[in-house]
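All of the numbers you see were taken from the coordinates with simple rules; none came from a lab. Everything quoted here is computed from the prediction, not taken from an experiment. Ideal geometry is used to build each Cβ from the backbone, glycine not excepted, and the neighbour counts take in all protein chains shown.
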Amino acid sequence: MRRNRGDFLSQINVTPFVDVMLVLLIIFMITAPMLQKGVEVKLPRVKKAPAIQLKEEPLVITVRRDGTLYLNSHAFSLKTLALKLRALHKEVPRKKVLVRADGRVEYERVLKVLAAAREAGFLQVGLVTAPYKEGKR
């Protein structure tokens, strides 16, 4: 095929684009499982806690040892958490709520979080525990 000096090549070279997209795909595949871990807490250990069967992703409220509250990895104060829970209940009223509290958190703090979830209208609120192992507390 002959081209004149003034002709332009009108085809797009997609090879660099595909290379970049494959690199991004690999990066997201590696980092996605790391992002789902959530906030680190030391859960209390219980011998015979019933397992909860979940068909959909629940709302997870985490209470750290220092009392910091997280809703799905985003930090909130107790007041703003209550407001956020009310707004979420309007969107998805049948959503399950799981509370992950560090075993060394004050009992009152955990009860306030449970009360906030119930006052927002959520009926299915559960506590997350770790399996009991002999010799560990």
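What net charge do the residues around residue 116 carry, taking every other residue with its C-beta under 13 Å from that of residue 116, with Lys and Arg at +1 and Asp and Glu at -1? That sum, taken over residues with Cβ under 13 Å, equals +4.
What does the C-alpha gyration tensor say about the overall shape of the stretch 45-131? Classify as rounded when a/c is under 1.5, otherwise prolate if a/b is larger than b/c, or oblate. Oblate.
Using the Cβ-Cβ distance between residue 57 and residue 80 with R0 = 22 Å, the FRET efficiency computed as 1/(1 + (r/R0)^6) comes to roughly 0.55. Amide H contacts under 5 Å for residue 96: 59, restricted to partners 5 or more places along the chain or on a different chain, H placed in the peptide plane at 1.01 Å from N. Spin-label pair residue 91-residue 30: with each label point 7 Å from Cα along the Cα-Cβ axis, the two points sit 3.1 nm from one another.
Excluding residue 57 itself, what net charge comes from residues whose Cβ is under 10 Å from its Cβ, given Lys and Arg +1 and Asp and Glu -1? List each step's numbers first, then the result.
Details: positive: 55, 95, 96; negative: 56.
Once positives and negatives cancel, what remains is +2.
Phi angles of the stretch 22-28 translate, via the Karplus equation with coefficients 6.51, -1.76, 1.60 and θ = phi - 60°, into HN-Hα couplings of 5, 5, 4, 4, 5, 4, 5 Hz per residue; Gly and Pro are given as x.
Per 0.36 nm of contour for each residue apart, how much would the distance between residue 115 and residue 22 grow if the chain were fully extended, relative to their Cα-Cα spacing? Provide the component values of the computation, followed by the final result.
Numbers: separation 93, 0.36 × 93 = 33.48 nm, distance 4.67 nm.
Here the answer is 28.8 nm.
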